[in-house]
Amino acid sequence: MSESIAKQTSPHVQPPPGRRPPFLVRHAKWVFIGPAVIVMILIMIYPLGYTLWMGFHEWFASSVVPPKFVGLDNYVRIFTDDARFWDAFWRTVYFTVLAISIQTVLGVGIALIFNRNFLGKGLVRTLFLFPMVATPVAIALVWMMMYNPVLGVLRYFLDIVGLPPVEWVSNRLLVIPALVIVDTWQWTPLITLMTLAGLSALPVEPYEAAVIDGASGWQILRYVTLPLLRPVIVVAVLFRSIDAIKTFDIIYVMTQGGPAFASETLNIYIFQTGFNYFHLGYASSLLIVLFIIVMSVSVLLIRFRRVDW
């Protein structure tokens, strides 16, 4: 009696001899993940494959003829006969390096401060994270008002210290640093948040040993804290580098690549090529080049993270 009850309640009941288990039982692992895999293929792999295919064709969105296969002509043109691409590339490098450098230093420094105990610590940390969750377009519009050389709040502060008004986004030399300030205000909290998570996971033993050996606070920071945080910092830099290379919304809302292409990064140039000039074939090849650049930066930073120092 007990054996029959055990067989009925057992989750591993074997089917009768000569009868195979149902299809769902035999292939449960594929049935459950199948829909998710199909969706991922449709929303990720298919657009990438279509963009890659379009990159080998010449086609204008306003044309009534189908895409024309041109092979590698688009890519040859990018690297040999497109000065605007190279200008946009170096502006992207300038914007990314400047933004990531400032944000990394500020983010790690602020995380070290927030890791200490002080009155109102929780409230200050919460308020500091607000820019990261704000809408980029709204942030760009607010900073546009602040940058206004006539009515902006920055004009008011410059008047207080006796300095002349500054054309922040209308000056070719200042437009990239002005955009970096906005990007830094929004995304420094991300590096701070990731660094705080790394600080909370650091082991106590190296600090105890450093204190016993008589190390100063600066020596502990330089030789203990920062080396232990290096993997976390590299991951934060990796995420921010990818985002900075692909920055579009803030730049487009504030300058649209101006003045005189002075803030036209690769993303802005690709957008202009595809949706203003309707040259979708060439824009697709530019997207593939941008994808390769992003992947190369990611691989380099991952290898840097694994290097033993």
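A few points about this structure:
- Candidates 44, 145, 254, ranked by Gaussian network fluctuation over the chain, Cα under 10 Å, top entry: 44
- Residue 157/residue 303 FRET efficiency (R0 45 Å; Cβ-Cβ; nearest 0.05): 0.55
- Once the Cβ-Cβ distance of residue 275 and residue 209 is raised to the sixth power relative to R0 = 51 Å, the FRET efficiency obtained is 0.30.
- Counting beta carbons within 10 Å around each of 92, 192, 80 and listing the fewest first gives the order 80, 92, 192.
- Rounded, prolate or oblate (a/c below 1.5 giving rounded, otherwise prolate when a/b exceeds b/c) for region 40-182 by Cα gyration tensor: prolate
- Per-residue Karplus couplings for region 234-246, computed as 6.51 cos²θ - 1.76 cosθ + 1.60 with θ equal to phi - 60°, are listed in order as 5, 5, 4, 5, 4, 4, 5, 5, 4, 5, 5, 4, 9 Hz, Gly and Pro entered as x.
- The 3J(HN,Hα) values that the Karplus relation (6.51, -1.76, 1.60; θ = phi - 60°) gives for region 255-266 are, in residue order, 9, 6, x, x, x, 6, 6, 5, 10, 7, 8, 4 Hz. Gly and Pro appear as x.
- Coupling constants for region 116-121 follow from the phi torsions by the Karplus curve (6.51 cos²θ - 1.76 cosθ + 1.60, θ = phi - 60°), and in residue order they are 8, 8, 8, 5, x, 4 Hz; glycine and proline get x.
- Just checking the listed ones, 183, 213, 249: in the Gaussian network model of the chain with Cα springs under 10 Å, the one fluctuating most is 213.
- Amide H to amide H, with H built 1.01 Å from N, residue 57 comes under 5 Å of 70, counting only residues 5 or more places away or on other chains.
- Largest GNM mean-square fluctuation among 63, 263, 241, using the chain with Cα springs under 10 Å: 63.
- FRET efficiency for residue 65 and residue 41, using Cβ-Cβ distance with R0 set to 30 Å, rounded to 0.05: 0.50
- Residues of region 87-120 with amide N under 15 Å of a point placed 7 Å along Cα→Cβ from residue 127: 114, 118-120
- The slack between residue 105 and residue 218, meaning 0.36 nm per residue of separation minus the straight C-alpha distance, is 39.1 nm.
- Exposure proxy shown here: for 240, 305, 26, the number of other Cβ atoms within 10 Å sets the order, fewest to most, as 26, 305, 240.
- Inter-label distance for residue 73 and residue 174, nm, one decimal - labels placed 7 Å from Cα along Cα-to-Cβ: 4.5 nm
- Label-to-label distance, residue 200 versus residue 115, with points set 7 angstrom from Cα along the beta-carbon direction: 1.3 nm.
- When 251, 160 are arranged by Cβ crowding within 10 Å, least crowded first, meaning fewest neighbours, the order is 160, 251.
- For Cα Rg over 2.2 N^0.38 Å, the value calculated from this model appears in (i) 1.40; (ii) 0.96; (iii) 1.06 under label (i).
Read-outs: derived from the displayed coordinates by stated rules, not from any lab. Not measured: the values here are computed from a predicted model. As a convention, Cβ positions derive from the backbone with ideal geometry for all residues, glycine included, and neighbour counts pool all protein chains shown.
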